[in-house]
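Encoded as C-alpha cells, the structure appears first; notes follow it.
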Amino acid sequence: MTMTGEDHSRALTGPWWWPRRRSAVFDGALAVASAAECGAEGLGFARDAGIPVWAGVLFGVAAGAVLLVRRRWPVAVVLVAIAVTPAQMGFLLGIVGLYTLAAAEVPRRIIGVLAGMSLAGTAVVTFVRVRQGMARGDLTLGDWFVPFAAVATALGLTAPPVLLGLYVGARRRLMESLRERADSLERELQLLAERAEERAEWARNEERTRIAREMHDVVAHRVSLMVVHAAALQAVARKDPEKAVRNAALVGDMGRQALTELREMLGVLRAG
C-alpha cells in the first residue's frame, strides 16, 4: 500500500486537529495562570475596596479566565483588562490581550484606540498609586518621579506587546500571501501543462490525419494503376502472351510497392 503526499505530510505533522488542540492547551494554560494571578491580586483589591475576600478572589479569577477566549474575542479581552486596571490586577491579561489584539485581523483604528485606552488607564493608575506612596512616605524621591513612573510603566506594559503583535500579525499575513501566491503559481503551471498536453495531442492528431490522407492518396494511386494494368493484361493476354507476362509482373511490383508503403505508413501511426 503506497502513501500519498498528503498522507506523508499528515504522518509528519500529525492529524489536522493537532494544531488546534495545541493552541487550546496553550490558551488554557495562559487562562489558568492569569486567573491565578488575578485571584491573588483580588486579595488586595478586596481589602482596599472593603468587600469580602472571597468576592475579591472570585472577581479576580473570573476576570483572569477571560484570557481563554482571546483568539475569538480579543477586543473583549482587552476591554476586560482595561476595566480591571484600577483594581491593580490583570497584568498578564493586559499584556497577552494587547498582543493578541495587535496580531489579529482587527482594523488598526480599533487597535490604536484600545491601546491608547490601556496606556492611559495604566498611566493614571500608576500615577495615583505612586502619588499615594509618596504621600505616605514610602518614596522619598522628587515630584518628577511620579509622571516619569506613570509614563514609563504605561509604555512598558503597552508598547512591547502591541509592537510584537503587529510584527507577528504582519509576518503571518505575509506568509499567507506568499503561500497563496505559491498555490496560484502551482495552479497556473498545472494549467499550462494541461494546455501544452492538449496542444501536443492536437498536433499528434493533426499529424495522424495528414499521414492517413497521404496513405489514402498513395494507395489509391497504386491501386488505380494496378486496375489499369490488369485491364490491359486481360486485353492482351490472348494476343501477346509475352506482353501479358510483363504486365502481370508490373502489376505484382505495383502491388508489392503499395503494400510496402502501406506498412511504412501504418508503422508510423502505431509508433505514435
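The values are calculated or read from the model by the stated rules, or taken from the named source; none is laboratory data. Fair warning: this is a prediction, and the values are worked out from it, not measured in the lab. Ideal geometry is used to build each Cβ from the backbone, glycine not excepted, and the neighbour counts take in all protein chains shown. With ligands, DNA and RNA removed, areas are computed over all heavy atoms of the protein, side chains included. Shrake-Rupley method; radii C 1.70, N 1.55, O 1.52, S 1.80 Å.
Counting other Cβ atoms within 10 Å, keep those with at most 15, restrict to DSSP loop, and tell me which trypsin sites (Lys or Arg not before Pro) in segment 27-72 are left.
On the way: sites: R47, R70, R71, R72; in loops: R70, R71, R72.
Taking segment 27-72 and a limit of 15 other Cβ atoms within 10 Å, the loop trypsin sites (Lys or Arg not before Pro) found are R71, R72.
Carbon and sulfur: what percent of segment 21-187's accessible surface (1.4 Å probe)? Write out the running numbers ahead of the final one.
On the way: 6610 of 9610 Å².
Carbon with sulfur: 69 percent of the solvent-accessible area.
Using a simple charge model, +1 on the beta-carbon of Lys and Arg, -1 on the beta-carbon of Asp and Glu, nothing else, what dipole does segment 21-187 show about its Cα centre, in debye to the nearest 20?
On the way: 17 positive and 11 negative charges, 94 e Å.
The calculation lands at about 460 debye.
Using only alpha carbon pairs under 8 Å that are at least six residues apart, calculate the relative contact order of segment 64-190 and give it in whole percent. If you can, show how the numbers build up before the last one.
Details: 120 pairs, mean separation 35.9, N = 127.
Rounded, it is 28 percent for segment 64-190.
Can you check what the net charge comes to around E41, using other residues whose Cβ is under 12 Å from the Cβ of E41 (Lys, Arg +1; Asp, Glu -1)? Before the final figure, lay out the partial values.
Numbers: positive: R47; negative: E37, D48.
Here the count lands on -1.
Scale the Cα Rg of segment 31-76 by the rule-of-thumb value 2.2 N^0.38 Å and send over the ratio, two decimals. Walk me through the numbers before you get to the answer.
On the way: Rg = 11.3 Å, N = 46, 2.2 N^0.38 = 9.4 Å.
For segment 31-76, the normalised Cα radius of gyration comes out at 1.20.
Using a 1.4 angstrom probe, figure out how much accessible area segment 21-187 has per residue, in square angstrom, rounded to the nearest whole.
58
Please sort by residue number the GluC sites (Glu not before Pro) in segment 36-142 whose DSSP state is loop and whose Cβ has at most 11 other Cβ atoms within 10 Å. Working shown, then result.
Details: sites: E37, E41, E105; in loops: E105.
Sites meeting the loop and neighbour criteria: E105.
May I ask for the equivalent-ellipsoid semi-axes of segment 21-187, computed as the square root of five times each C-alpha gyration tensor eigenvalue and listed largest first in whole Å?
Values: eigenvalues 244, 87, 23 Å².
So the three semi-axes of segment 21-187 are 35, 21, 11 Å.
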